[in-house]
Amino acid sequence: MVKSISQIKYNLSLLDERNAKVNTALGTREALEYGSDNSILYSQILNIQSDKNGYTAISQYITLSQAFNTISDDTMGQVKNATQSVISDLIEANSDTTAQSQREIIATQLEDYRNTLFALANTDVDGQYIFSGVNTSSVPFTMDSKGVISYQSDNSTRKVNVEDATYASQGINGIKAFYYTNNEVGTGESYDFGSTFTVDSTETIVDQDGNSWQFVDTTIPADGTFDGLYMNGDTLTTPISIVDNGDGTITITNDSPTTQLVINEEFTFTTNEIILDKDGNEWKLMDTDNDGTFDGLYMNGDTTTTPITVTDNGDGTITTRNTSGVDLEVHHSVFDDLNDAINALRLTDGDGNDISESEQKSIISDVIDRMNNAYEAENIAHSLVGTRTSAIDSYGQIVSAKITNLRILEEKYASADLTSLGIEAKALEITYTAMYSTISRLNSMSLTKYLS
């Protein structure tokens, strides 16, 4: 009988333990009290909660980005409206029936439009500038004392976290919004073995390995006639055959079976224009020795890279040849066009010198064409803002659906089955009653009663 009582006590302790868990689950409505209750289920619950928290944070980022997207879209709409007004005023100014006094008034109106566009270019949302790319805390555009407006940021694009380890482009930078392609510069003509061609004696010639091939007069004493095309100007190397035509041109016959000659394309641009390559890299003018003269175009401003050698003309323009190996684009600022128009309407050039009325009309006609190009670029930029905003909104809907599904899964795995727990609680109650009844009978038993 003693053994039976010990067994009953042990079973009773198990009932007490299970009853405590059932009551806790009924109170907290959670499937597990401790992770050790069911390690596999606990791991599933933790994974679901981690995913839910991650997507909740992403959803918050997307929500916060909506104001940025909306203002970017509205701002581009205002930029386009201002540009249309500028074009309309310029067409009026270029009419033969418009007096010079009226052109002076239009010049003042264009100054107002320029200042409006400048303010729009520096629009911010909660301290984040919408046209600064990733550098949202930096003012994208500045104006100097002469009214020249320059872009201070780079060709980067702001990103928004829209999925686990996935980012979507947001908005546009100042280059796309306020610049347009003014010139496209290829890598130049290539000439293989056996090719014969004529070039100017001032041309820069390179090969497929980046070596510079130079015309050299090897006659001693020099007779003023180039005798060969030597790699890097080294007369100890094997030259490529040439004929100096005596009129400033050279005919070249590429008789090297391993060398491809390239005539790099020459182009001139202003110091306020921006040079981009087809991969989106920005080639920045750098004064590496701080002598006040630009020394080269460096990819993304990195002076450790191989530069494109430039000639600083000293008048705000730069002449160079495209030795980058990739196609380049020269991007021109709408603000520079506005300044040209304002000066011309007042019969002056950029240096304050007087110009004639015929020169004025020519400049205004040119600026009208340029402003139309700018307006087309603004339309493309505005469309890009809309496309990127739509993509972010789509991700927002997907993330919201995922959060809902994760919450359902979390409830499925982490929430207690109240129906099953209620049934189990009732079963425990019956079992307790039966056990206590048994204990009561055992307590009432005695040897005397058994013998009688």
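Each reported figure results from applying straightforward, stated rules to the coordinates on display, with no laboratory input. Remember, it's a predicted structure, so these values are computed and weren't measured experimentally. Reconstructed Cβ throughout: ideal geometry from the backbone, glycine too, with neighbour counts over all protein chains shown.
Table for the structure above
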{"item": "Segment 266-326: relative contact order as a whole-number percent, Cα under 8 Å and 6+ apart", "result": "33"}
{"item": "Label-to-label distance, nm, for residues given as residue 156 and residue 184 (7 Å Cα→Cβ offset)", "result": "2.9"}
{"item": "Approximate spin-label separation residue 43-residue 241, in nm, with each point projected 7 Å along Cα-to-Cβ", "result": "7.7"}
{"item": "Sites residue 315 and residue 361, calculated FRET efficiency, Cβ-Cβ separation with R0 25 Å, nearest 0.05", "result": "0.60"}
{"item": "Inter-label distance, nm, simple model (7 Å from Cα along the C-beta direction), residue 128/residue 91", "result": "3.9"}
{"item": "FRET efficiency, 1/(1 + (r/R0)^6) with R0 30 Å, evaluated for residue 391 and residue 84 via beta carbons", "result": "0.60"}
{"item": "Of 146/284; 146/278; 159/412, those spanning more than 29 Å from alpha-carbon to alpha-carbon", "result": "146/278; 159/412"}
{"item": "Residue-span extension gain [residue 255 to residue 164] - 0.36 nm each, minus C-alpha spacing", "result": "27.0 nm"}
{"item": "Cβ-based exposure ranking for 76, 143, 371, in which fewest neighbours within 10 Å come first", "result": "143, 371, 76"}
